[in-house]
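The values are calculated or read from the model by the stated rules, or taken from the named source; none is laboratory data. No experiment lies behind these values; they were computed from the predicted model shown. Glycine also receives a Cβ, built like all others from the backbone with ideal geometry; neighbour counts cover every protein chain displayed.
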Amino acid sequence: MPEARARRAFAEEVVVRLRQAGFQAYWAGGCVRDILLGLSPADYDVATDATPDQVMLTLPYRSLTMGASFGVVRVRHPRQKGNEVEIATFRSDLAYVDGRRPTGVVYSTPREDAERRDFTINGMFMDPLNGEIVDFVGGRADLDARVLRAIGDPAARFEEDKLRLLRALRFACRFDLKVEPRTLAAVKAMAAEVTVVSPERIAQEMRRMLAHGSRARAMDALMACGLIAAVLPPLVETVGLFQGKPVQPEGDLWGHLLLTLQLLPASASFPLAFAALLHDAGKPATRQAHGGLGRASYHNHEVVGARIADDLCRRLKLSNTERERVVWLVANHQYLGEAKKLREAKLKRMLARPGIDELLALHRADALATTGNAEHVDYCEYYLEHQPTGPIDPPPLLTGHDLVRHGLKPGASFAAILEQVREAQLERRIQNKREALELVDRELAGGEARPAEASPSAAE
Ligand code: ATP
Ligand code: MG
């Protein structure tokens with residue numbers, strides 16, 4: 001990602017060049033909002049009266065037409081990789097018929113272009129050369145009053161594109177804005193209809209909400225407005241499920257999930273945050289009450305939860321990489337709870353997994369939200385950092401070829417033999433190939449007693 005100054009400079013250059021060719025051009029939408037809030041825009045959009053063909057003729061940059069029919073061109077900085085600006089012709093949307101997208105667009109005026117946008121804070125233009133704000137929709141006043149308001153009639157605007165229901169809460173939570181009452185009433189009334197939107201677009205909104213530091217607030221708002229029920233239905237049952245956890249003695253499971261989200265590092269990735277949101281999704285179905293006082297156990301809830309997570313990831317059409325990480329995190333969110341009592345080989349194998357940093361972050365947030373004590377995570381991190389026993393994931397001492405060369409007949413027993421050698425290697429009972437082969441011989445001659453479960457001593 002090019003640095004903020006370089007992106008801003010390129011976005012300014014685009015405006016200057018369009019102006020020099022006689023067109024109108026402004027920064028538009030989210031970047032204007034971010035600048036007024038004192039934030040550094042993630043990306044810049046330019047709005048102009050030049051058509052896509054005129055834009056491409058005017059600007060000396062490599063361009064991609066993103067949908068020339070939608071009036072959008074993307075241009076690339078000639079040298080700075082990743083420095084891109086999206087340039088859209090002032091337009092209005094034609095009729096929306098399916099609650100998702102317009103049937104087409106027509107080129108129009110800046111005012112009409114502002115009015116087709118979703119929220120007043122997202123509907124402003126800015127002249128980067130003199131800082132002037134062009135505001136047809138009252139965005140500036142709403143930003144100053146910290147209000148999120150749909151442009152025009154909220155119900156009609158959500159009817160056009162139901163993704164805006166999620167966007168409303170995303171922006172409100174991200175920027176800590178109050179949702180204007182009519183806008184909020186429309187979100188609540190129409191929440192269930194968000195499912196007409198494609199899973200990919202819904203996932204993209206979830207991704208943006210969960211990858212941001214305001215994730216807990218956003219999920220709380222989604223639940224309160226009925227959007228969790230539409231998008232992640234299994235979570236609804238966590239509301240009111242009594243937990244009695246020391247950190248939140250009065251709290252329900254939903255409260256625990258929100259607190260876990262809040263205790264993640266602010267920079268947590270989407271898969272980590274999504275897994276944190278879902279980590280106990282298997283509890284409602286596995287709950288078994290014990291002798292009153294609301295005591296209960298949740299046997300196998302991580303297995304059931306992993307299945308629920310897998311199903312939700314597939315419904316949202318997440319990538320395989322994202323889905324596998326989310327499911328793995330949910331399935332293993334209890335694994336390191338008693339890290340000190342794990343066989344060293346088991347601990348090492350888990351600590352060598354590629355997602356371990358995220359698993360530890362999930363364990364920490366979950367523990368802090370439950371008992372306030374995360375010593376097991378400290379232990380794992382100490383172990384990782386000091387690597388008291390050599391590389392966490394050393395290359396195996398033996399392979400199947402070695403066994404064949406050693407005179408063994410290939411067969412089903414190979415896997416078990418190699419597994420035993422591996423375990424002995426990770427527990428440092430053997431150091432080299434010769435010792436490994438001696439172990440094999442001993443095993444074949446009748447087996448040696450395994451050492452009892454022991455805690456890794458070097459890290460204590
Ligand atoms: P972010 O910082 O999250 O990217 P953004 O405001 O830039 O926020 P985008 O999704 O990148 O959001 O959209 C850019 C602009 O396009 C918005 O500011 C808004 O003016 C307009 N816009 C985007 N999506 C919609 C939509 N579904 N309906 C109406 N206007 C939209
Ligand atoms: Mg944007």
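Points worth noting:
- Residue within the range 110-126 that is within 13 Å of ligand 1 (Cβ to nearest atom), among the aliphatic types (A, V, I, L, M), in a loop (DSSP other than H, G, I, E, B) and buried (at least 19 other Cβ atoms within 10 Å of the Cβ) present: yes
- Considering each residue of the range 223-234 in turn, at least one proves to be under 22 Å from residue 358 (Cβ atoms) and at pLDDT 95 or above.
- Residue in the range 2-22 that is within 12 Å of ligand 1 (Cβ to nearest atom) and either surrounded by fewer than 16 Cβ atoms within 10 Å (Cβ to Cβ) or free of Cβ contacts under 8 Å to residues at least 12 places away in the same chain (or both) present: no
- Among the residues of the range 33-50, just one is within 23 Å of residue 23 (Cα to Cα) and surrounded by fewer than 17 Cβ atoms within 10 Å (Cβ to Cβ), namely 43.
- When the helices (runs of 4 or more DSSP H) confined to the range 285-381 are screened for residues that are at pLDDT 90 or above and over 24 Å from residue 426 (Cα atoms), those reaching at least 1 such residues are found at 301-315, 320-331, 356-370.
- Selection within the range 39-66: residues that are assigned to a strand (DSSP E or B) and within 16 Å of ligand 2 (Cβ to nearest atom). The member of this set that is farthest from residue 143 (Cα to Cα) is 66.
Per-residue answers, yes or no, for (1) within 30 Å of residue 195 (Cβ to Cβ); (2) touching a residue at least 12 places away in the same chain (Cβ under 8 Å); (3) touching a Cys at 6+ places or on another chain (Cβ under 9 Å):
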site: 30; (1), (2), (3): yes, yes, no
site: 38; (1), (2), (3): no, no, no
site: 76; (1), (2), (3): no, yes, no
site: 100; (1), (2), (3): yes, yes, no
site: 107; (1), (2), (3): no, yes, no
site: 116; (1), (2), (3): yes, yes, no
site: 128; (1), (2), (3): no, yes, no
site: 138; (1), (2), (3): no, yes, no
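- All of 172, 211, 218, 224 fail the test of being more than 19 Å from residue 97 (Cα to Cα), of a type in the set (A, V, I, L, M) and surrounded by fewer than 16 Cβ atoms within 10 Å (Cβ to Cβ), apart from 224.
- First in the range 146-175 and closer than 18 Å to residue 223 by Cβ and free of Cβ contacts under 8 Å to residues at least 24 places away in the same chain, second anywhere and near ligand 1 (Cβ under 10 Å from one of its atoms) and in a loop (DSSP other than H, G, I, E, B), Cβ under 7 Å, 6 or more apart: none
- Residue satisfying condition, being out of contact with any Leu (no Cβ under 7 Å at 6 or more places or on another chain), more than 22 Å from residue 258 (Cβ to Cβ) and of a type in the set (Asp, Glu), within set 344, 375: 375
- Restricting the range 387-446 to residues that are assigned to a helix (DSSP H, G or I) and of a type in the set (Gly, Ala, Ser), the residue that is farthest from residue 351 (Cα to Cα) is 413.
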